[in-house]
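Chemist: Structure provided below as structure tokens; questions to follow.
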């Protein structure tokens, strides 16, 4: 299939899910019955292919006699469309003789594409076309990026086929096969059920005090987290929802851009010890208000309000769920408003890479309520991340204890597993880190920050190609992705020996609060910019005058010795003693 094209000047680059499909044995079918095959293909395109793509909010941008290409803004919709197509093909083929049956192979990739004059091309398209050839007749293959982003949003199983070297693709690509044995077409029972999807828009701070913004943002985030616990719902991640803060767009426009039928919007006003929250659930397809309520309570009742909001939304969208399920979905994190307020302020500092400043606030939250699991988790995160390079063994011991305590208090909380995973990542225990990252993503697949740190684990455990794909997909989702994602990208690019790109990425973030300083110096040294490298090393020395390669070796967390040696050699070249 002629999908590959070289361009000199890109027109528009974007991240997209690409579905590539090819007819199995097309030449044989044409040889047996040319007229009949052409007629059936025309009917399939009009009655099945175009219909299914449109239903899943995709766009057919190329069609040949033996296949087609479609683009989707949502990777979940792309995979759901692929399964729906194979279901329809299986149903049609059941009525035909075997030698007349038309079977498809389908590949789905999430990657960077170039758009020009209605056409789409680039490596994102090429990879989809290549992995399509690895699918069985009637089957579907997807890349690791697709697998990781779909997660549990669709009721599908995946078989890991490992890393594959694809023609004209420089680096190996992780490939998965979707839920049917080799050579057996998917049947209707295997069709994915698309869950009701919803976006929670940032609550408006009506307090008249910009300093209270952390409170409305934190409560919005908590509602997103609680809704994500229900497997019957697909919840848009926080960063995507927050992208639309203060844009002036209507809820219908936001819903259309996010590809969801339902949105939640609200406002928060805090006056003294009283808090008022208004919440509305809107069906964006009709503009109708499904449900609305107002809560005027003492600040101590904030968790009861959150529970009521979550229970109401779940009840409205999932009739089979009951409000009782919402009540038992999680234990209350704390009974103290003061502890919760400290948590929100500390979490806000962590979001802006001010982890060391967050430690006292989070420590106070834990002191006020020792049974506050999420506060223990965030304390562990702040302690770990503030000691990544300038390691303090006593502080890391506190991080270990805090992450352990968090899990003992609530082993079913994603943040608690994330905190434990980060501790293991930065102390070099890759197997345990992987377990807790995967558990965290299972519990809350909508958490973009956990995915960002999971990319760092992929990098450190010897999968820099997968890590770059994960972090690039996240960075392509909007400007409200945390700034430290660019730092993870820079570290990954260094590991891949793409030094100029690593320097560009690391210079775009406040790397002094991360491991970015070391990698920036190393990347400059590898480019031959020894003066620039020594300038960065001098800044490191300002932070810790006795810092040396011995400290680096102590905090490195690579699983592959050659990757570790790569950084050490570069830092030695940069002038680190």
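The values are calculated or read from the model by the stated rules, or taken from the named source; none is laboratory data. Predicted, not measured: the structure shown is a model, and the values here were computed from it. Positions of Cβ are generated from backbone atoms using ideal geometry, with glycine treated the same way; all protein chains shown enter the neighbour counts.
Chemist: Being under 22 Å from residue 348 (Cβ atoms) and not in a loop (DSSP other than H, G, I, E, B) is the filter; apply it to the stretch 432-449 and report the residue that is farthest from the chain's Cα centre (by Cα). Show your work before the answer.
Modeler: Within the stretch 432-449, the subset under 22 Å from residue 348 (Cβ atoms) is 440, 444, 446-449.
Now narrow it down to the ones that are not in a loop (DSSP other than H, G, I, E, B): 440, 448-449.
Numbers: 440: 12, 448: 5, 449: 8 Å.
Within the stretch 432-449, the match that is farthest from the chain's Cα centre (by Cα) is 440.
Chemist: Which ones in the stretch 529-543 are farther than 16 Å from residue 503 by Cα and either surrounded by fewer than 13 Cβ atoms within 10 Å (Cβ to Cβ) or free of Cβ contacts under 8 Å to residues at least 12 places away in the same chain (or both)?
Modeler: Residues satisfying the conditions are 538, 541, 542, 543.
Chemist: Given the conditions (1) more than 19 Å from residue 225 (Cβ to Cβ); (2) crowded, with 24+ Cβ neighbours inside 10 Å, and given that residue 408 satisfies all but one, which numbered condition is not satisfied?
Modeler: For residue 408, the failing item is (2).
Chemist: In this structure, does residue 452 turn out to be within 30 Å of residue 74 (Cα to Cα), in contact (Cβ under 8 Å) with a residue 12 or more places away in the chain and not in a helix (DSSP H, G or I)? If you could, list the steps in order and put the result at the bottom.
Modeler: Numbers: within 30 Å of residue 74 (Cα to Cα): yes; in contact (Cβ under 8 Å) with a residue 12 or more places away in the chain: yes; not in a helix (DSSP H, G or I): no.
So residue 452 fails the test.
For every residue, the table says whether it meets (1) at pLDDT below 85; (2) outside the structural domain of residue 549 (by TED's automatic domain parsing); (3) under 22 Å from residue 448 (Cα atoms).
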residue	(1), (2), (3)
362	no, no, yes
387	yes, no, no
393	yes, no, no
407	no, no, yes
410	yes, no, yes
421	no, no, yes
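Chemist: Being over 27 Å from residue 36 (Cα atoms) and under 22 Å from the mean Cα position of the chain (by Cα), is that true of even one residue in the stretch 86-109? First the steps, then the outcome.
Modeler: The first filter runs over the stretch 86-109 and keeps only residues over 27 Å from residue 36 (Cα atoms), leaving 108-109.
Narrowing further to those that are under 22 Å from the mean Cα position of the chain (by Cα): 108-109.
The answer is yes, given that some residue of the stretch 86-109 is over 27 Å from residue 36 (Cα atoms) and under 22 Å from the mean Cα position of the chain (by Cα).
Chemist: Going residue by residue through the stretch 116-124, is there one that turns out to be at pLDDT 90 or above and either under 14 Å from residue 19 (Cα atoms) or in a strand (DSSP E or B) (or both)?
Modeler: First, pick out the residues of the stretch 116-124 that are at pLDDT 90 or above: none.
Among the residues of the stretch 116-124, not one is at pLDDT 90 or above and either under 14 Å from residue 19 (Cα atoms) or in a strand (DSSP E or B) (or both), which makes the answer no.
Chemist: Oh, and also: Scan the stretch 481-502 for residues that are surrounded by fewer than 24 Cβ atoms within 10 Å (Cβ to Cβ) and at pLDDT 85 or above and report the count.
Modeler: 7
Chemist: Shifting gears a bit: Considering each of 567, 549, 520, 571 in turn, give the residue that is within 25 Å of residue 430 (Cα to Cα), crowded, with 17+ Cβ neighbours inside 10 Å and without any contact (Cβ under 8 Å) to a residue 40 or more places away in the chain.
Modeler: Working: 567 fails: without any contact (Cβ under 8 Å) to a residue 40 or more places away in the chain; 549 fails: crowded, with 17+ Cβ neighbours inside 10 Å; 571 fails: without any contact (Cβ under 8 Å) to a residue 40 or more places away in the chain.
Criteria check complete, one pass: 520.
Chemist: Could I ask something else about it? Residues of the stretch 258-274 being surrounded by 15 or more Cβ atoms within 10 Å (Cβ to Cβ) and not in a strand (DSSP E or B), which ones?
Modeler: As a first pass, look at the stretch 258-274 and keep what is surrounded by 15 or more Cβ atoms within 10 Å (Cβ to Cβ): 258-270.
258, 259, 260, 261 - these are the residues of the stretch 258-274 that are surrounded by 15 or more Cβ atoms within 10 Å (Cβ to Cβ) and not in a strand (DSSP E or B).
Chemist: While we're on this one: Scan 70, 80 and give me the residue that is assigned to a helix (DSSP H, G or I) and either assigned by TED's automatic domain parsing to the domain that holds residue 168 or in contact (Cβ under 8 Å) with a residue 24 or more places away in the chain (or both).
Modeler: The conditions single out 80.
Chemist: Separate question: Of all residues in the stretch 275-292, which are in contact (Cβ under 8 Å) with a residue 12 or more places away in the chain, under 31 Å from the mean Cα position of the chain (by Cα) and assigned to a strand (DSSP E or B)? Walk me through it before giving the result.
Modeler: Residues of the stretch 275-292 in contact (Cβ under 8 Å) with a residue 12 or more places away in the chain: 275-285, 287, 290-292.
With the extra rule that they be under 31 Å from the mean Cα position of the chain (by Cα), the set shrinks to 277-285, 287, 290-292.
Within the stretch 275-292, 277, 278, 279, 280, 281, 282, 283, 290, 291, 292 meet the criteria.
Chemist: Also: In the stretch 124-153, what residues are surrounded by fewer than 20 Cβ atoms within 10 Å (Cβ to Cβ) and within 22 Å of the chain's Cα centre (by Cα)?
Modeler: Step one: of the stretch 124-153, the residues surrounded by fewer than 20 Cβ atoms within 10 Å (Cβ to Cβ) are 133-134, 136-137, 151-152.
Selection gives 151, 152.
Chemist: For the stretch 22-44, state whether one or more residues are closer than 25 Å to residue 153 by Cα, at pLDDT 75 or above and in contact with a strand residue (DSSP E or B) (Cβ under 9 Å, 6 or more places away or on another chain).
Modeler: Among the residues of the stretch 22-44, not one is closer than 25 Å to residue 153 by Cα, at pLDDT 75 or above and in contact with a strand residue (DSSP E or B) (Cβ under 9 Å, 6 or more places away or on another chain), which makes the answer no.
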